[in-house]
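The values are calculated or read from the model by the stated rules, or taken from the named source; none is laboratory data. These numbers come from a predicted model, not from an experiment. Quick reminder, even Gly has a Cβ in these numbers, built from the backbone with ideal geometry, and neighbours come from all protein chains shown.
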Amino acid sequence: MSLKIIHCADVHLDSAMSGLNTKKVNIRRDEMKRTFARIIELSKNADMLIVAGDLFDGKNVSRSTLDFLKGEFSKIPETKVYIIAGNHDPFVADSVYKNLNFGENVHIFGTELECIEMPEYEIYGISFKSPNDEREMLSGFSVKNPDKINIGVFHANLGGVDYNPVKVSDIEKSGFDYLAMGHIHKASGMNKAGATYYAYCGCPEGRGYDETGEKGIYAIELTKGSILSADFVPVCERMYFDEEIDVTDISGYDEIVDRINEKYKGEKHIYRFTLTGKSNMAIDTDILCERIDGFSVVVRDKTEPAVDIEKLSEEFSLKGLFARFALEDKENMSEEEFNEALKLGFYYIEKEENNENR
Ligand SMILES: [Mn+2]
């Protein structure tokens, strides 16, 4: 026989979301729910849905989110749902997990390692008991019945020193056929230590510029000792992009917008574009933001002035004088402020020179 597993983690429902205004935060929260509903849909034909920690972003969970979850879990009565609490939603005294009844098919693991024995498999899980639970929960562990299919569910920091540190050697000795992990928000691909397959599936929706690209879950089919299939299934509604755009050869807004639109026109993702390279344009990033498509667009100007400032400071000219003053004051500024000051200064000097020449 084979087991079909949907492995998700780090959903972070009701998340605060960084870098978005209130209206967009609310839209994103609804999108996260729709994404979770897609995970439920994918779980309809699976034996189990695993949620490997951080289902919630924090302990303040809205009533509507709890009702939503209850409704979703009731749509898959034939699928077992196994949940552990992670560092963001630890199983503390006033945790929402304490008083929840999500339904017959849903099991929430407590703060001591627990084994659920089913006819076809055995599954082990353990919840965080505090936000930074430093117990090494897998250390020295091995399964009771190695002949059965054994699944582990851990929110853990592989190779780390905090947040339930786990070593590859612990995984190797565990006897699990599959270890479903949560905590790292990037999919790891399928790994193997000894006879144990293990993976982080990452988060199903990005929540910041450090969580870019496609996000999803793993759909796994396994038998005792081998994995028949392990597919990463993208489920995210929107993606974060954090891109650098070199504007060295660019002389106007149209060209910058065109260069960005080449790749992203009409897309409704969440973008942060950082302009790099050398440019003497005094760039108003607000103008660019308005002209670029997207759910949310941020543009940062990190270009450097296209001049040799040291050389210029030796010149007998208004620009040369300005460059000397700027260099004298350089240590009182950040690199960014210095570049900004130079570009603005040159911009106004040029404007003045053009007026004189007219
Ligand atoms: Mn997380």
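The table that follows gives values for the structure above.
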quantity	calculated
Residue within the range 222-239 that is hydroxyl-bearing (Ser, Thr, Tyr) and within 16 Å of the ligand (Cβ to nearest atom) present	no
Pair list, Cβ under 6 Å, 6 or more apart: the range 125-139 residue in the same structural domain as Ser169 (by TED's automatic domain parsing), other residue among the aliphatic types (A, V, I, L, M) and modelled with pLDDT of 95 or more	Gly125/Ile84; Gly125/Val153; Ile126/Leu113; Ser127/Ile84; Ser127/Ala85; Phe128/Ala85; Met137/Ile126
Unique residue being closer than 16 Å to Glu211 by Cα and not hydroxyl-bearing (Ser, Thr, Tyr) when the list is Gly53, Gly58, Gly71, Gly19	Gly19
Of the criteria (1) more than 30 Å from Thr79 (Cβ to Cβ); (2) more than 23 Å from the chain's Cα centre (by Cα), which one Glu243 fails	(2)
Residues that are part of a strand (DSSP E or B), surrounded by fewer than 19 Cβ atoms within 10 Å (Cβ to Cβ) and more than 25 Å from the chain's Cα centre (by Cα), drawn from the range 189-203	Ala193
Count of the range 1-13 residues which are outside any strand (DSSP E or B) and surrounded by fewer than 22 Cβ atoms within 10 Å (Cβ to Cβ)	2
The range 310-348, residues that are surrounded by 11 or more Cβ atoms within 10 Å (Cβ to Cβ) and among the polar types (S, T, N, Q)	Ser313, Ser317, Asn339
Yes/no for Tyr97 being aromatic (Phe, Trp, Tyr) and more than 19 Å from Ile151 (Cα to Cα)	yes
Criterion violated by Ser279 - all others in (1) crowded, with 19+ Cβ neighbours inside 10 Å; (2) within 30 Å of the chain's Cα centre (by Cα); (3) not aliphatic (A, V, I, L, M) satisfied	(2)
Pro146 vs. criteria surrounded by 15 or more Cβ atoms within 10 Å (Cβ to Cβ), more than 18 Å from Val51 (Cβ to Cβ) and not polar (S, T, N, Q)	no
Filter result for Leu342 (within 26 Å of Thr274 (Cα to Cα) and assigned by TED's automatic domain parsing to the domain that holds Ile256)	yes
Total residues in the range 223-272, condition within 30 Å of Lys148 (Cβ to Cβ) and exposed (fewer than 13 other Cβ atoms within 10 Å of the Cβ)	6
Residue match in the range 49-65 (condition: more than 14 Å from the ligand (Cβ to nearest atom), part of a helix (DSSP H, G or I) and exposed (fewer than 15 other Cβ atoms within 10 Å of the Cβ))	yes
Complete set of residues in the range 14-26 that are away from the ligand (no atom under 16 Å from the Cβ) and surrounded by 14 or more Cβ atoms within 10 Å (Cβ to Cβ)	Gly19, Leu20, Lys24, Val25
Residue check, Asp47 over 18 Å from Ile270 (Cβ atoms) and of a type in the set (Asp, Glu)	yes
Cross-chain or 6+ apart pairs with Cβ under 6 Å, the range 7-21 first and touching a residue at least 40 places away in the same chain (Cβ under 8 Å), then part of a strand (DSSP E or B) and within 11 Å of the ligand (Cβ to nearest atom)	Ala9/Ala52; Ala9/Gly182; Asp10/Gly182; Leu13/Phe56
